[in-house]
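Worksheet: one structure, shown below.
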Amino acid sequence: LDMDMDMKPRSSRPHWYELYIQPCVAELLGSALFIFTGCLSVVENVEGTGRLQPALAHGLALGLAIAILGDI
């Protein structure tokens with residue numbers, strides 16, 4: 001086993017960035033993605049799609065935001 005002895009043990013306490021900044025940035029990006037996609041889904045709302053297109057776009061945007069940013 002070739003181990004470096006000068007490695008410092010990592011503390012179990014998370015860094016301040018992970019506690020405060022990272023969740024705020026994730027919330028900002030998730031909300032921006034959700035709102036941006038929702039607004040774009042109704043821009044070209046032709047009469048044939050009705051309420052289905054915005055509903056699907058909002059649902060898929062919410063699912064995508066949760067899948068990407070949910071663990072933060």
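For the stretch 37-59, a residue qualifies if it is touching a His at 6+ places or on another chain (Cβ under 8 Å) and at pLDDT below 75, but none of them does.
Yes or no: I66 loosely packed, with under 13 Cβ neighbours inside 10 Å, without any contact (Cβ under 8 Å) to a residue 40 or more places away in the chain and in contact with a Gly (Cβ under 9 Å, 6 or more places away or on another chain)? Don't jump to the end; show me each part of the working.
Details: loosely packed, with under 13 Cβ neighbours inside 10 Å: yes; without any contact (Cβ under 8 Å) to a residue 40 or more places away in the chain: yes; in contact with a Gly (Cβ under 9 Å, 6 or more places away or on another chain): yes.
For I66, the condition - loosely packed, with under 13 Cβ neighbours inside 10 Å, without any contact (Cβ under 8 Å) to a residue 40 or more places away in the chain and in contact with a Gly (Cβ under 9 Å, 6 or more places away or on another chain) - is met.
The listed residues are S41, S31, and the only one of them that is free of Cβ contacts under 8 Å to residues at least 60 places away in the same chain, within 11 Å of the chain's Cα centre (by Cα) and open to solvent by less than 50 Å² (accessible area, probe 1.4 Å) turns out to be S31.
The values are calculated or read from the model by the stated rules, or taken from the named source; none is laboratory data. Just so it is clear, the structure is predicted and the values come from calculations on it, not from any experiment. Positions of Cβ are generated from backbone atoms using ideal geometry, with glycine treated the same way; all protein chains shown enter the neighbour counts. The accessibility values were calculated without ligands, DNA or RNA, using every heavy atom of the protein model including side chains. Shrake-Rupley method; radii C 1.70, N 1.55, O 1.52, S 1.80 Å.
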